[in-house]
Amino acid sequence: MEEARKIQSLFIYPIKSCRGISVPQATVTHTGFQWDRYWLVVNYKGRAYTQRVEPKLALVESELPKEAFLEDWEPTKDSFLVLRAPGMSPLKIPLTKPSSVAEGVSMWEWSGSAFDEGEEAAKWFSDFLGKQSRLVRFKKDTETRPSPPEFAAGYSTTFADMFPFLFASQASLDQLNTLLPEPVPINRFRPNILVDNCDPFGEDLWDEIKINDLVFQGVRLCSRCKVPTVNQETGVPGAAEPTETLMKFRSDNVLMPDKKPRGKVFFGKEMVWNWNLTNTEGKGKKTIKVGDTISVIRKIPSRAEAAV
């Protein structure tokens, strides 16, 4: 009998493209984990900075109060997001709602208003990046950032790339590392949920899975930009790896030979929480923990049929 698939690690990335936090438990919401990608660093025009253009963001560490990962926790005036980076004094961002609003914030296809975290945060990021910057927070009460409707109609996220959740497996990373000249850690791929006891790249085929009472729907394979080539410990981009090796066995050309190749490489599976199949509105826990079992309810027949 095969061992049950389990959650090996959970990761939350409070600020888009900054360092993640490994947490023992996380609360699932419609837009992703509580606190995941709630904040975004923007330029003087309000446009998103990411590691694609500012790899130094990898060096910004976030710390949230331990109780922030408990379900139904509400921040008080003494609750802070604390940021640290090399050569910088720690910055404390109050977790209570800011009073200031920034209009015309944009990330990829989305634009809207966001909370502005003020002058101290703006100066901190401007000094660290060496260019005019501000820190904004997603305005969940009035703004919606829909996921691409052709893949996940009716779902939305905050400042994550496209979809609320990214799953990856330890076995996929292990297999990749056997082929790389230098092994890479999972932080290159920035998943939310890292799975143990899974076949290498078995997550590709997940159409529907269950963790406790929560049903997650597979959306598409995650096509990777150049962020996996950025060393997350140093903030320095590499030239080619792991993308070059992934191209040999994880490209659309290899996995979907009947489709028109677009030069994409894939690692991880993007997913949504299907709250329509989860009868926990108003009751039941929406918290998942390291060690929780993952049941695969339904698979797609082959990678060639996976949405990309």
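The values are calculated or read from the model by the stated rules, or taken from the named source; none is laboratory data. All figures in this text were calculated on a predicted structure; none of them were measured in a lab. Here the Cβ is made from the backbone with ideal geometry for all residues, glycine too, and neighbour counts use every protein chain on show. Please note that ligands, DNA and RNA were not included when accessible areas were found on the heavy atoms of the full protein model with its side chains. Shrake-Rupley method; radii C 1.70, N 1.55, O 1.52, S 1.80 Å.
Take every pair of alpha-carbon atoms less than 8 Å apart whose residues are at least six positions apart; their mean separation over the length of segment 39-190 yields a relative contact order of 19 percent. Looking at segment 80-191, the accessible area is 45 square angstrom per residue; that uses a 1.4 Å probe and ignores ligands, DNA and RNA. Charges were assigned to the Cβ only: +1 to each Lys and Arg, -1 to each Asp and Glu. The resulting dipole of segment 73-144 about its Cα centre is roughly 200 debye. Computed over the alpha-carbon pairs of the chain, the distance histogram in 10 Å steps reads 6, 27, 36, 24, 7, 0 percent, short to long.
Please state the charge dipole magnitude for segment 1-134, taken about the Cα centre, from unit charges on C-beta atoms (+1 on K and R, -1 on D and E), reported in debye and rounded to the nearest 20.
Dipole about the Cα centre, nearest 20: 500 debye.
Rounded to the nearest 20 Debye, what is the dipole magnitude of the chain about its Cα centre when Lys and Arg each give +1 and Asp and Glu each give -1 at the C-beta?
Result for the chain is approximately 600 debye, rounded to the nearest 20.
The angle separating the long axis of helix 170-179 from the principal Cα axis of greatest extent in the chain is about 80 degrees. Dipole of segment 35-124 computed with +1 at Lys/Arg Cβ and -1 at Asp/Glu Cβ about the Cα centre; of Trp108, Trp35, Pro94, farthest Cα towards the positive end is Trp108. The length gained on full extension between Glu109 and Asn253, counted as 0.36 nm times the residue separation minus their Cα-Cα distance, comes to 49.2 nm.
Divide the volume of the convex hull around the Cα atoms of segment 223-308 by the residue count and you get 164 Å³ per residue.
The lysine pair count for segment 1-104, using Cα distances under 25 Å and pairs eight or more places apart or on different chains, is 16. The H on the amide N of Cys222, modeled in the peptide plane, is under 5 Å from the matching H of Phe267, Gly268, Lys269, Glu270, each at least 5 residues off or on a different chain.
When only alpha carbons are used to place a centre, segment 9-68 and segment 119-173 end up 7 Å from one another. For segment 160-308, the number of Lys pairs with C-alpha atoms closer than 14 Å, counting only pairs eight or more positions apart or on separate chains, is 7.
Candidates Cys198, Gly46, Phe167 compared by Cα position along the dipole of the chain: farthest toward the positive end lies Gly46, with charges placed on Cβ. I want to verify the translational diffusion coefficient of segment 25-148 in µm²/s; compute it with Stokes-Einstein, Rh as the Kirkwood radius over Cα pairs, at 25 °C and 0.890 mPa s. After rounding, the answer is 161 µm²/s.
Given their separation in residues at 0.36 nm each and the Cα-Cα distance between them, Val296 and Leu179 gain 39.3 nm when the chain is fully extended. The angle between the Cα long axis of helix 119-129 and the main principal axis of the chain comes to about 50°, on a 0 to 90 degree scale.
Heavy-atom surface analysis with a 1.4 Å probe gives the chain a carbon and sulfur content of 51 percent of its accessible area.
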